[in-house]
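Visitor: Got a structure here, written out as structure tokens. Questions coming.
The values are calculated or read from the model by the stated rules, or taken from the named source; none is laboratory data. For clarity, every value in this text was computed on a predicted model and none was experimentally measured. Positions of Cβ are generated from backbone atoms using ideal geometry, with glycine treated the same way; all protein chains shown enter the neighbour counts. For accessibility, only protein heavy atoms count, side chains too; no ligands or nucleic acids. Shrake-Rupley method; radii C 1.70, N 1.55, O 1.52, S 1.80 Å.
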Amino acid sequence: MASVKKDNRLTGSQSFMCVAFSGFFSKSVTSPLEVVKIKSQVGTFHSKRGFWQSFLLIYQSDGVRGFWKGNLASCLRLFPYTAVHLTTYKRIVHLHMDELGFISQWRAIFAGGLAGIAAALATYPLEVVETRLIAQNCRQPTYMGVVHTISKIYRSEGLLALYRGFSLTVLGAFPFSVGCYAVYMNLDKLWQDPPFRFTPLQNFISGCLAAGVSQTLSYPFETVKRKMQAQSARLPHFGGVDVHFSGMIDCFIQVVRNKGVLSLWNGLTANTIKIVPCFGLLFTCFEMCKQVCLYRNGYIVSPLSYKLTPGVDQSLGPYELEEVKRYLRNRNFGSGQASFGNRW
């Protein structure tokens, strides 16, 4: 859900690296909340006593490193996910643009949803790996790392096990997009201003609100998806899942019958609390990376300052600016040679 505003002063590779690095950093810092959320969704014994007690039980059973289980898989997933998402999103948006190059808010959100599905399909095995690593007990591990987990699932359960529950990603995209659309369509009423006049703080709060609403609406689909990813007859205690089921629909039925409807939102507290620091770190880290890139490209005087470089046209792209610099250097070099020749 988190997104950053595109800056044409960055190259494509710089934008990609800024997004990937900021995502890597924000995920790593908020990993303890993600672990608590996923354990609550799967239904392991750590989540039986509530949100706060979950931290203590995880520490007692897995130690400090238990709060970063699955984080490497989650971070490795960022790079291909970001690349596929950005590429697919640009292509879909281009197809839906009118003759003036504009696209409606709803079409943009729809494009984002389709791009998210495409990116999830390309990286889904790593999401399954993340869930398995988090759900297992560190002191009696079945899996020893990302590569070992993928290899063992493939050899013992087959290729389809690495995509178990993917249909829920597709189903969950609909309420997620509806939540985004509902929030963004009412932002002007909330702030009493049109979107193009929003301050960075207003954009940040708007993003958090949209993420909170959309994730809450699609949360039951993610809960069932996590249970399907974790359950396996070949794992101790069936992977730690609190209900046993034979498929997606049966999982919904068993959860509601045995745990109640509200259990479909188990872990929502951790997920909601995670939104603000995750978004805050994401945007802050992205801005810091962007400042370094803008300084290297020659648009600002220092990576620690927003002061623009005098005489530089900020509307030029990085390659265009480099061409201008090269032209000016050649011209100055040529005039220097001419004046040197005139002396003789």
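Visitor: Find the percent of Cα-Cα distances in the chain that exceed 30 Å, and round it to a whole number.
Guide: Across the chain, Cα pairs with separations above 30 Å total 45 percent.
Visitor: Find which of A230, T284, S246 sits farthest along the positive direction of the dipole of the chain, computed with +1 on the beta-carbon of Lys and Arg, -1 on that of Asp and Glu, about the Cα centre.
Guide: Checking the options against the dipole of the chain, the answer is A230.
Visitor: Next up: Using the beta-carbon distance between H94 and S305 and R0 = 56 Å, what value does 1/(1 + (r/R0)^6) give for FRET efficiency, to the nearest 0.05?
Guide: Calculated transfer efficiency: 0.95.
Visitor: Under a point-charge model restricted to the Cβ atoms of Lys and Arg (+1) and Asp and Glu (-1), what is the dipole moment magnitude of the range 168-229 relative to its Cα centre, in debye to the nearest 20?
Guide: So the dipole magnitude of the range 168-229 works out to roughly 220 debye.
Visitor: Another question, then. Keeping every protein chain present and rolling a 1.4 Å probe, give me the accessible area per residue for the chain in Å².
Guide: Spelled out: the 1.4 Å probe surface of the chain, per residue, equals 55 Å².
Visitor: Moving on to the next point. Once each part is reduced to its C-alpha centroid, what is the distance from the range 140-172 to the range 266-281 in angstrom?
Guide: So the separation of the two Cα centres works out to 25 Å.
Visitor: Rounded to the nearest 500, what is the chain's calculated 222 nm mean residue ellipticity when only DSSP H runs of at least 4 contribute -39500 (n - 2.57) each, over all residues?
Guide: After summing the helix terms and dividing by the residues of the chain, the value is -23500 deg cm²/dmol.
Visitor: Go from 0 up to the bin containing the longest alpha carbon distance in the range 186-240, width 10 Å each, and give me the % of pairs per bin.
Guide: Whole-percent P(r) values from 0 Å outward: 21, 29, 18, 17, 11, 4.
Visitor: In the range 1-110, with Lys and Arg counted as +1 and Asp and Glu as -1 at Cβ, which of these residues, P80, F24, V36, has the Cα nearest the positive end of the dipole, that is, farthest along it?
Guide: Positive-end residue among those listed: V36.
Visitor: What's the magnitude of the charge dipole for the chain around its Cα centre, counting Lys and Arg as +1 and Asp and Glu as -1 at the beta-carbon? Answer in Debye, nearest 20.
Guide: Magnitude of the dipole: close to 740 debye.
Visitor: How much length would be gained if the chain were fully extended between R197 and S315, taking 0.36 nm per residue of separation minus their Cα-Cα distance, in nm to one decimal?
Guide: 40.5 nm
Visitor: Determine the dipole magnitude for the range 17-79: charges of +1 sit on the beta-carbon of Lys and Arg, -1 on that of Asp and Glu, nothing else is charged, the reference point is the Cα centre, and the result goes in debye to the nearest 20.
Guide: 120 debye
Visitor: While we're on this one: Among T272, S104, L190, whose Cα projects farthest towards the positive end of the dipole of the chain, with charges put on the beta-carbon of Lys, Arg (+1) and Asp, Glu (-1)?
Guide: T272
Visitor: Give the relative contact order (percent, whole number) for the range 198-344; include only Cα pairs under 8 Å separated by 6+ residues.
Guide: Across the range 198-344, relative contact order equals 14 percent.
Visitor: Quick one: compute the contact order of the chain, relative version, from alpha carbon pairs under 8 angstrom and 6+ residues apart, as a percent.
Guide: Result for the chain is 26 percent.
Visitor: Taking θ = phi - 60°, what integer Hz values does the Karplus form 6.51 cos²θ - 1.76 cosθ + 1.60 yield along the range 16-22, in sequence order, with x for Gly and Pro?
Guide: 4, 5, 5, 5, 5, 5, 5
Visitor: Can you work out the base-10 log of I(q)/I(0) for the range 140-298 at q = 0.09 1/Å, using the Debye formula on its C-alpha atoms alone?
Guide: -0.46
Visitor: How big is the gap, in Å, between the Cα center of the range 209-254 and the Cα center of the range 55-105?
Guide: Spelled out, the Cα-based centre of one part sits 19 Å from the other.
Visitor: Cα-Cα over 29 Å: which of K90/K227; K227/K274; K189/K225; K69/K225; K27/K290; K69/K152?
Guide: From the list (K90/K227; K227/K274; K189/K225; K69/K225; K27/K290; K69/K152), the Cα-Cα distance tops 29 Å for K90/K227; K189/K225.
Visitor: A follow-up question, please. Run the accessible area of the chain with a 1.4 Å probe and give the carbon-and-sulfur part as a rounded percent.
Guide: Here carbon and sulfur together make up 64 percent of the probe-accessible area.
Visitor: Show me the ranking of peptides 179-190, 124-135, 104-115 by mean Cβ neighbours inside 10 Å, starting with the highest.
Guide: In decreasing order of mean packing, 179-190, 124-135, 104-115 become 124-135, 104-115, 179-190.
Visitor: Leaving ligands, DNA and RNA out of it, work out the accessible area of F25 with a 1.4 Å probe and give it in Å² to the nearest 10.
Guide: Here the accessible area works out near 90 Å².
Visitor: Also, quick follow-up: Using only Cα atoms, find the angle between the long axis of helix 31-42 and the longest principal axis of the chain, and express it within 0 to 90 degrees, rounded to the nearest 10.
Guide: 40 degrees
Visitor: OK, next. If you plug each phi of the range 219-229 into the Karplus form 6.51 cos²θ - 1.76 cosθ + 1.60 with θ = phi - 60°, what whole-Hz ³J(HN,Hα) values come out, in order, with x for Gly and Pro?
Guide: Working through the residues one at a time gives 4, x, 5, 5, 4, 5, 4, 5, 5, 5, 5 Hz.
Visitor: What percent do you get for the relative contact order of the range 168-229 when only Cα pairs under 8 Å and 6+ apart count?
Guide: That works out to 59 percent.
Visitor: Can you list residues whose amide H is under 5 Å from I300's amide H, if they're 5+ apart or on another chain and H is modeled 1.01 Å from N?
Guide: Y295, T309
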